[in-house]
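Enquirer: Quick one: structure below, then a few questions.
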Amino acid sequence: MQLDKLVNFYKVMGDKTRIKLLVLLASEENPLSGQELAERLGVKPPTISHHISKLKEISAVYERREKNTVYYYLNQKALEVHHDGLFVVLSRSGKGEKSMDELKEREQILQNFLKQDGTLKTIPAQRKKKLIIFEHIVKDLELGKKYSEKEINEHIKLFHEDYATIRREFIINHYMYREAGIYELNPREMWVK
């Protein structure tokens, strides 16, 4: 589950040495080797190896080997994704129940875009309507269950033939998390609103 990854990220980041490592990597124009990092922090190389392995678990750093030396780089994008993930969860929590007007609007959109047999007439172009349709499609998926790509495709085909587009939208809009071809439903608080 993506929420577990977010929690793990902050557990890993809760160490002064790891923060110092990231600051060093961020402040240097060139990558640094483990030996250089150990010298600058005044610790032994095995200590650096331990902390680097933890940072690699959360994709905060990556490495490149040149001959016999391994150089470490800051993965700015991964750090931004985790940082933004927390604010996405926080911004969606604590919101009350939907008002009657919102529920009526949702029902109207579903009636306009769904045929009698429950399949989609078309994928809405307007983002707000599209999100309501996607929420309708994922409502029968189970939280905590892992789905193969084939299973997700078959589920989406019950609603629309363009399963690739809708599957991609599930990831983009945080309805689902994908890793190594396995899909998992995110908690509702993480969904794009």
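The values are calculated or read from the model by the stated rules, or taken from the named source; none is laboratory data. The model shown is predicted, which means the values in this text are computed figures rather than measured ones. As a convention, Cβ positions derive from the backbone with ideal geometry for all residues, glycine included, and neighbour counts pool all protein chains shown. Heads up: the accessible areas ignore ligands, DNA and RNA and are worked out on the full protein's heavy atoms, side chains in. Shrake-Rupley method; radii C 1.70, N 1.55, O 1.52, S 1.80 Å.
Enquirer: Over the chain, with every protein chain in place, what whole percent of the accessible area is carbon and sulfur at 1.4 Å, could you tell me? Walk me through the intermediate numbers first.
Expert: Numbers: 6020 of 12070 Å².
The C+S portion of the solvent-accessible surface of the chain is 50 percent.
Enquirer: In whole Å, what are the extents of the chain along the principal axes defined by its C-alpha atoms, from largest to smallest?
Expert: 69, 36, 29
Enquirer: Rounded to the nearest 500, what is the chain's calculated 222 nm mean residue ellipticity when only DSSP H runs of at least 4 contribute -39500 (n - 2.57) each, over all residues? Kindly include the intermediate steps, with their values, before the conclusion.
Expert: Numbers: 9 runs with 107 residues, N = 193.
The per-residue figure over the chain is -17000 deg cm²/dmol.
Enquirer: Please go through region 111-185 and write out the trypsin sites (Lys or Arg not before Pro) that DSSP classes as loop and that have at most 11 other C-beta atoms within 10 Å.
Expert: Working: sites: LYS115, LYS121, ARG127, LYS128, LYS129, LYS130, LYS139, LYS145, LYS146, LYS150, LYS157, ARG167, ARG168, ARG178; in loops: LYS115, LYS121, LYS139, LYS145.
Taking region 111-185 and a limit of 11 other Cβ atoms within 10 Å, the loop trypsin sites (Lys or Arg not before Pro) found are LYS115, LYS121, LYS139, LYS145.
Enquirer: Mind checking which lysines have their Cα closer than 19 Å to the Cα of LYS150? Skip sequence neighbours fewer than 8 apart in that chain.
Expert: Excluding near neighbours in sequence, the set is LYS139.
Enquirer: Starting from region 136-190, pick out the GluC sites (Glu not before Pro) whose DSSP state is loop and whose Cβ has at most 14 other Cβ atoms within 10 Å. Could you put the intermediate results ahead of the total?
Expert: Numbers: sites: GLU142, GLU149, GLU151, GLU154, GLU161, GLU169, GLU179, GLU184, GLU189; in loops: GLU142, GLU161.
The qualifying sites are GLU142, GLU161.
Enquirer: What is the sum of charges around ASN30, taking Lys and Arg as +1, Asp and Glu as -1, for the other residues whose C-beta is under 12 Å from the C-beta of ASN30? Mind showing how you got there, number by number?
Expert: Details: positive: ARG64; negative: GLU28, GLU29, GLU36, GLU66.
Cβ neighbours under 12 Å give a net charge of -3.
Enquirer: Skipping prolines and chain starts, which residues have an amide H placed within reach, meaning under 5 Å, of the one on MET176, given they are 5 or more residues away or on another chain?
Expert: ILE171, ASN186
Enquirer: Something else about it: Tally Lys/Arg at +1 and Asp/Glu at -1 over every other residue whose Cβ is under 13 Å from the Cβ of TYR147; what's the total? Before the final figure, lay out each step's value.
Expert: Numbers: positive: LYS145, LYS146, LYS150, ARG167, ARG178; negative: ASP140, GLU142, GLU149, GLU151, GLU154, GLU179, GLU184.
It works out to a net charge of -2.
Enquirer: Could I ask something else about it? Would you list which aspartates and glutamates come within 15 Å of LYS11, measuring only between C-alpha atoms, while excluding same-chain residues fewer than 8 positions from it?
Expert: Answer for LYS11, where 15 Å is the Cα cut-off: GLU57, listed by chain and number.
Enquirer: Keeping every protein chain present and rolling a 1.4 Å probe, give me the accessible area per residue for the chain in Å². The partial results should precede the final answer.
Expert: Details: 12070 Å² over 193 residues.
Heavy-atom SASA per residue in the chain reads 63 Å².
Enquirer: Moving on. Can you compute the charge dipole magnitude of the chain about its Cα centre, using +1 on each Lys and Arg Cβ and -1 on each Asp and Glu Cβ, nothing else charged? Give it in debye, rounded to the nearest 20. Numbers along the way, then the final one.
Expert: Working: 34 positive and 29 negative charges, 34 e Å.
Dipole size: approximately 160 debye.
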